[in-house]
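The values are calculated or read from the model by the stated rules, or taken from the named source; none is laboratory data. Keep in mind it's a predicted model, so treat the numbers as computed, not measured. Every residue, glycine as well, gets a Cβ built from its backbone with ideal geometry; the counts of neighbours run over all protein chains shown. Accessible surface areas use protein heavy atoms only, side chains included; no ligands, DNA or RNA. Shrake-Rupley method; radii C 1.70, N 1.55, O 1.52, S 1.80 Å.
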Amino acid sequence: MEAHGSGFGRVLVLVFCVAGIWSAYIYQGFLQETLSTKGFGPDGKRFEHLSFLNLAQNVVCLIWSYIMIKLWSRGSNGGAPWWAFWSAGITNTIGPAMGIEALKYISYPAQVLAKSSKMIPVMLMGTLVYGIKYTLPEYVCTFLVAGGVSTFALMKTSSKTISKLANPNAPLGYGLCFLNLAFDGFTNATQDSINARYPKTSAWDIMLGMNLWGTIYNIVYMFGWPHGSGFEAVQFCKQHPEAAWDIFLYCLCGAVGQNFIFLTISRFGSLANTTITTTRKFVSIVVSSLLSGNPLSTKQWSCVVMVFSGLSYQIYLKWRKLQRLQKKRKPM
C-alpha cells in the first residue's frame, strides 16, 4: 500500500507539473501573440516595442528568484557567483529578443514551429565544428523537423493571418527565429560550463544570475539614451493600461512556468521536461489556430505533424538511451 501510495503521489505531482507548464506557457503564448497583433485604444495602435517584454520578464524573474533564494536557500552553498553569467546574459538577451521580434513578420504558429527545430543548428555545429558523428535515427529526426519547417515556410499563409501581422516578411521572420536558436545554443553551452565549474549551483542561482544580467543589458539598450525605445514603451503602457496588464500577466506566466520546469527536472528529470514542453508547443499551435484566428490549411497541418513526429521520435531515442545506461549501471 505504501509503494502504491508513493507511486500515486508521483503521478499526482507529474500531473500538477504538466498542468502548470501547459497553462503558464500556453497562456503566455496567447498574450505574446495578442501584444504583437492587437490594436490598443480607439485608434487601434499596435505595441511596437516587443523587446520591452524581455526587460519586463527579466525584472519579474529576477525579483522572483531573489525571493525564492531568501525563502529556501540555507546560506552560501558554493554556487556560481553572479558575475559568472555575464556572457550567457548577453546571448540570452539578444536571442529571445529576436524570437519576439519575429512575430512582427510571421505568425505565432510559424514562430513556434521554427523555434522547435533547435536540434538542426545543434547537430550542424556538432558535425562541422566538433566532428561529432550522429546515428541514422538522429538524422531521420532532423530530416523530419527540417522538412516540416521548410515546407511550412514555403506554403502560402492565409490572408486573415497576414492581415494581423505588423510587417509581413517571412524570410526575415524565419531568419530571426534561427538566429534566436543559434544564440540559445551558446547560452545553453555556457550554462553547462558554469554548472561544471560550480556543481553546487542551484536552479535559483542560475535564474538570478541570468535575469540580473538580462535586466542590466536591456536597461542599457532601452533606456541608455534620451530617445531610447524603453521610454516610448513605458509611455504606451501609460496611455493603454490594457497593454500594461497583458505585459504583467505575460511576465508572471514566465516566472510561474520556470518554477514548474525546475520542479519537473528535479523530480522526474530533463527527459520528462522535454516531453512536456514539446507537447505544449503543439497544443500552443492548436490553440492559436482555433482561438486566435490563425487558420492553417490541411497541408500546413501535415507539416506541423511532421515536425512533432520528428521531435517525438527524438524523445523516444533519448528514452531508449537512458534505459540502456540504467541497465549498464545496475550490475555494478
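Given R0 = 30 Å, the distance between the Cβ atoms of Ser193 and Gln323 translates into a calculated FRET efficiency of 0.60. Taking springs between alpha-carbon atoms closer than 10 angstrom, which of Lys299, Lys133, Lys38 fluctuates most in the Gaussian network model of the chain? Of Lys299, Lys133, Lys38, the most mobile in the Gaussian network model is Lys133. Other residues within the sphere of radius under 12 Å centred on the Cβ of Val287, judged by their own Cβ, net out at +1 (K and R +1, D and E -1). Across Ser289, Ser23, the residue with the most accessible area heads the list, and the full order at a 1.4 Å probe is Ser23, Ser289. Taking each of Lys133/Lys321; Lys160/Lys238; Lys70/Lys281; Lys70/Lys115; Lys133/Lys299; Lys118/Lys327 in turn, the alpha-carbon distance tops 24 angstrom for Lys160/Lys238; Lys70/Lys281; Lys70/Lys115; Lys133/Lys299; Lys118/Lys327. Each semi-axis of the equivalent ellipsoid for region 61-182 is √(5λ) with λ an eigenvalue of the Cα gyration tensor; in descending order they amount to 33, 23, 12 Å. Solvent-accessible area assigned to carbon and sulfur over the chain amounts to 67 percent, based on a 1.4 Å probe. Of all the options Pro168, Pro121, Pro199, the one that moves most in a Gaussian network model of the chain with Cα springs shorter than 10 angstrom is Pro199. Taking 25 °C and 0.890 mPa s as the conditions, I'd like the Stokes-Einstein D for the chain in µm²/s, using the Kirkwood hydrodynamic radius from alpha carbon pairs. For these conditions, the coefficient is 115 µm²/s. How charged is the neighbourhood of Leu124? Take every other residue with its Cβ under 13 Å from the Cβ of Leu124, and add Lys/Arg as +1 and Asp/Glu as -1. Neighbourhood net charge equals 0. All other residues whose Cβ lies under 15 angstrom from that of Ala243 are scored, Lys and Arg at +1 and Asp and Glu at -1, for a net of -2. Distance from the C-alpha centroid of region 148-215 to that of region 25-96: 13 Å, rounded to the whole angstrom.
Projecting the Cα atoms of Val60, Cys141, Met123 onto the charge dipole of region 45-178 (Cβ charges, centred on the Cα centre) puts Val60 farthest toward the positive pole. Between amide H atoms placed 1.01 Å from N, distances below 5 Å from Lys45 occur with Phe40, all of them 5 or more places distant or on a separate chain. On the basis of the beta-carbon distance and an R0 of 25 Å, Ser159 and Glu242 show a calculated FRET efficiency of 0.40. Computed over region 172-327, the Cα gyration tensor eigenvalues convert (square root of 5λ each) into semi-axes of 32, 26, 16 Å, ordered from largest to smallest. Extension gain, Arg46 to Leu136, is 27.7 nm, computed as 0.36 nm per intervening residue step minus the present C-alpha separation. Once the 1.4 Å probe is applied to the protein heavy atoms, the chain comes out at 54 Å² accessible per residue. Across region 79-151, counting alpha-carbon atoms alone, Rg and Dmax equal 15.8, 45 Å. Between Phe231 and Val305, full extension at 0.36 nm per residue minus the direct alpha carbon distance yields a gain of 22.4 nm. Under a Gaussian network description of the chain, with springs only between Cα atoms under 10 Å, the residue in Asn92, Asn188, Asn180 that fluctuates furthest is Asn188. The mean sequence distance of close C-alpha pairs (under 8 Å, at least 6 residues apart), as a share of the length of the chain, puts its relative contact order at 37 percent.
If R0 is taken as 30 Å, the Cβ-Cβ distance between Ser150 and Phe223 corresponds to a FRET efficiency of 0.15. Distance distribution note for region 188-233: the fraction of Cα pairs above 18 angstrom is 45%.
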